[in-house]
1. Looking at the range 297-326, I want the residues that are closer than 14 Å to Gln227 by Cβ and have a partner that is among the hydroxyl-bearing types (Ser, Thr, Tyr) with Cβ atoms under 8 Å, at least 6 apart or on another chain. Which pairs are those?
2. Return yes when Val251 is touching an Asp or Glu at 6+ places or on another chain (Cβ under 9 Å), modelled with pLDDT of 95 or more and farther than 19 Å from Pro322 by Cα and no when it is not.
3. Could you look through the range 274-306, keep only residues that are outside any loop (DSSP other than H, G, I, E, B) and among the charged types (D, E, K, R), and pick out the one that is surrounded by the fewest Cβ atoms within 10 Å (Cβ to Cβ)?
4. Name the residues in the range 477-523 that are within 16 Å of ligand 2 (Cβ to nearest atom), polar (S, T, N, Q) and either farther than 30 Å from His38 by Cβ or modelled with pLDDT of 90 or more (or both), would you?
5. Scanning the range 20-40 for residues that are without any contact (Cβ under 8 Å) to a residue 12 or more places away in the chain and assigned to a helix (DSSP H, G or I), which turns out nearest to Gly164 (Cα to Cα)?
6. Consider the range 49-65. How many of its residues are outside any strand (DSSP E or B) and either in contact (Cβ under 8 Å) with a residue 40 or more places away in the chain or touching a His at 6+ places or on another chain (Cβ under 9 Å) (or both)?
7. Check the range 131-150 and report whether any residue there is part of a strand (DSSP E or B), more than 15 Å from ligand 1 (Cβ to nearest atom), buried (at least 18 other Cβ atoms within 10 Å of the Cβ) and in the same structural domain as Leu317 (by TED's automatic domain parsing).
8. Just give me the residues in the range 494-514 being of a type outside the set (Phe, Trp, Tyr), more than 11 Å from ligand 1 (Cβ to nearest atom) and within 14 Å of the chain's Cα centre (by Cα), in sequence order.
Amino acid sequence: MSSFVSWPPSLQPDELEHLTLLATTYALSHSLLYLPPHSHESPPPPTPTSAIHAPFSLFPTPIPRAQFDLAKRLQKAYNVLYARVAMDEQFLDEVMGEGGVASVDEFTGELWKRWKAIRVQGIVQPLHLGLFRSDYLLHQPSESEGASLGIKQVEFNTISSSFGALSQQVSSLHNHLLAATGYFNSSPLLKAPNLPPNETIAGLASGLVEAHKAYGVPGSSILFVVQPNERNVFDQRLIEYELLEKHQIPVIRRTFAELATATVDPTTRTLHIPSSFSTTPSSTTEISVVYYRAGYTPTDYPAPSIYATRQLLESSLAIQCPSLALQLAGGKKVQEVLTRPGVLKRYLSEEEGAGEVRASWMDMWGLDADGDTLPDAPPLTSEGANEPEPAGTRNARAESEQLVLKPQREGGGNNIYRASIPAFLSSLPAQERPAWIAMRLIQPPRGVGGYLVRAGEGSKGLVRSEVISELGIYGWALFGKVNDKVTLKEKEVGWLVRTKGEGTDEGGVATGFSVLDSVVLVD
Ligand code: ADP
Ligand code: MG
């Protein structure tokens with residue numbers, strides 16, 4: 001562990017300046033980019049005229065080799081687990097449906113209602129595609145816990161898992177700095193065999209290609225559903241270019257609003273997107289796979305018509321990445337329910353890695369959990385509420401310093417941490433408790449530093465900071481029940497590191513908390 005505490009290696013100011021010059025130039029040359037920020041008053045130009053490099057770390061981050069290998073191995077088990085959960089309609093109805101989260105969380109309710117309506121109408125495409133990312137932090141247990149340093153899962157993403165392409169570019173960036181300068185011999189760890197390969201672009205594309213082939217119609221295209229004014233476009237475009245250049249599969253990009261003119265053939269249920277060009281107004285393209293890089297957050301549905309569009313796409317023969325079932329399976333409530341006794345074994349055998357999956361979890365419970373689920377919760381008091389609080393909420397109050405509370409949302413900025421928890425619990429309407437989970441905080445090793453490089457106005461450029469790094473592993477699964485027989489193909493396809501200043505609870509690169517990073521393996 002000594003290599004953790006002495007990171008990053010020390011360099012002279014002129015060496016750091018040289019590395020920063022090489023790094024920013026490399027980033028700008030290799031699509032490690034964002035579109036520049038814009039404001040409401042000055043919206044982005046219709047066609048981009050400039051870009052800035054994405055925020056990144058100057059040095060890769062040390063991660064124990066055994067833990068990195070474990071995370072990659074776990075991905076196979078998680079791919080299978082979430083595929084099977086997404087195929088269990090009864091379970092998803094119970095947890096995320098009317099009897100569960102859907103009745104207390106409007107957004108989940110809207111998604112579930114659409115899924116339900118499509119099931120009533122009859123699902124025509126049995127296959128689902130998931131491009132996943134499972135996120136981990138290194139956990140340094142306290143001495144009383146006894147266990148050694150190991151990865152713990154933060155969350156499992158089933159929709160719009162981003163930064164796959166840019167993570168590959170950051171790996172290349174660190175390899176370039178090593179090849180060009182040897183990092184000035186500043187650490188014996190910094191050598192090529194310790195920088196693992198990362199081919200996430202080809203890997204994520206291979207999932208989409210597999211689904212496109214399963215759809216099997218020559219001349220069809222893959223549809224990327226994207227957010228208006230998205231700044232993280234290069235991360236998406238690199239996958240698009242891979243599909244076209246290596247696999248001759250064209251991609252059509254549309255926002256939900258632009259998809260108002262999409263049609264589904266009433267007989268064949270095929271999905272068609274009209275041409276956007278005035279010279280070919282009546283031509284349409286058949287869609288094989290719908291890949292959502294939008295639709296994971298309520299603001300992506302500013303009008304009821306957008307939910308109707310999502311439903312229309314999902315009711316077609318095009319393979320959905322993800323299907324509504326798979327999006328619902330990625331809910332944080334599902335993550336918590338899977339940790340309850342007896343649930344995981346319904347989906348994953350010990351031979352398939354259930355033990356390692358279980359060992360990757362932190363304690364979780366629902367704020368509405370009762371005394372049977374949490375027999376050790378503190379006794380009832382009148383504190384903070386007019387009516388008796390359920391055991392799950394009492395426990396969250398008592399242990400708030402060790403906890404994060406999470407609602408059913410994606411995309412960052414929604415969680416409540418530590419000292420903010422008691423007041424939040426007092427303000428949360430009792431009927432909304434089932435939409436929230438409590439999760440024990442992972443305790444990453446302290447004393448690790450990094451150099452973070454940010455671009456853009458008001459940025460200080462290179463900043464040294466104490467840091468915490470989050471490892472994400474990408475995987476895909478193509479699965480479904482075809483003629484009562486389950487088919488399932490899956491693959492682990494690459495990784496990501498996001499590094500944040502130690503003082504920030506939230507992660508998230510798009511939200512400005514984190515920088516993109518890569519791995520240097522430590523034995
Ligand atoms: P989101 O869907 O918004 O990305 P996450 O569950 O990933 O939600 O939480 C956001 C961030 O909060 C994570 O990237 C991580 O930095 C931090 N975080 C979440 N859960 C924990 C935890 N149990 N322990 C420590 N940090 C956590
Ligand atoms: Mg997250």
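The values are calculated or read from the model by the stated rules, or taken from the named source; none is laboratory data. Because the structure is a prediction, the values reported are computed rather than measured. When we count neighbours, we look across all protein chains shown, and the Cβ atoms used for this are built from the backbone with ideal geometry, even at glycine.
1. Partner pairs satisfying both residue conditions: Tyr301/Tyr307; Arg310/Tyr301.
2. So Val251 fails the test.
3. Glu286
4. Thr499, Ser514
5. Ser29
6. 7
7. Within the range 131-150, one or more residues are part of a strand (DSSP E or B), more than 15 Å from ligand 1 (Cβ to nearest atom), buried (at least 18 other Cβ atoms within 10 Å of the Cβ) and in the same structural domain as Leu317 (by TED's automatic domain parsing).
8. Within the range 494-514, Gly494, Leu496, Val497 qualify.
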